[in-house]
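Novice: Sharing a structure below in structure tokens format, with a few things to ask.
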């Protein structure tokens with residue numbers, strides 16, 4: 001799978017570990033930064049990740065910041081992006097299955113590398129369930145985007 005990954009300085013170390021692990025698993029990974037632990041603003045990284053995800057429906061994004069909260073707020077400001085903070089495996093797969101989430105946000109200060117890998121596996125393996133209720137709700141989310 002094609003994956004775009006990015007982090008701010010708080011998520012830099014975990015992002016590095018996860019990007020390497022994803023490559024070892026055979027995924028195509030594009031790391032859009034940060035590329036060192038110097039301070040960087042998470043909205044800039046969220047924009048870099050989401051700009052690529054929104055033009056490729058087969059691509060998923062992963063954002064890592066301190067808590068995941070800032071990243072998810074920034075990501076959800078971008079049309080075509082449905083982002084969720086996932087700190088448990090159930091949310092990681094259900095966000096895709098029910099809400100067609102295409103960007104997962106993780107808090108490096110909340111989860112460690114072993115849980116982050118479990119979260120990412122659940123996120124990447126999940127597929128949107130095209131049942132009437134879920135399709136209708138995602139269409140409503142798209143209409144909300146278009147109103148702004």
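The values are calculated or read from the model by the stated rules, or taken from the named source; none is laboratory data. These numbers come from a predicted model, not from an experiment. Ideal geometry is used to build each Cβ from the backbone, glycine not excepted, and the neighbour counts take in all protein chains shown.
Novice: If residue 80 passes every condition in (1) more than 12 Å from the chain's Cα centre (by Cα); (2) crowded, with 19+ Cβ neighbours inside 10 Å; (3) under 22 Å from residue 147 (Cβ atoms) but one, which one does it miss?
Specialist: So the condition that residue 80 fails would be (2).
Novice: Let me ask something else. Tell me which residues, restricted to segment 53-94, are touching a residue at least 40 places away in the same chain (Cβ under 8 Å) and closer than 24 Å to residue 38 by Cβ.
Specialist: Within segment 53-94, 61, 62, 63, 64, 65, 66, 67, 68, 70, 71 meet the criteria.
Novice: Filter segment 42-57 down to residues that are out of contact with any helix residue (DSSP H, G or I) (no Cβ under 8 Å at 6 or more places or on another chain) and under 26 Å from residue 113 (Cβ atoms) and give me whichever is surrounded by the most Cβ atoms within 10 Å (Cβ to Cβ).
Specialist: 53
Novice: Do you know which residues across segment 79-94 are at pLDDT below 95 and assigned to a helix (DSSP H, G or I)?
Specialist: Selection gives nothing.
Novice: Starting from residues that are free of Cβ contacts under 8 Å to residues at least 60 places away in the same chain, touching a strand residue (DSSP E or B) at 6+ places or on another chain (Cβ under 9 Å) and not in a strand (DSSP E or B), keep the ones in segment 95-109 and report whichever is nearest to residue 52 (Cα to Cα).
Specialist: Looking at the filtered set, the residue picked out is 102.
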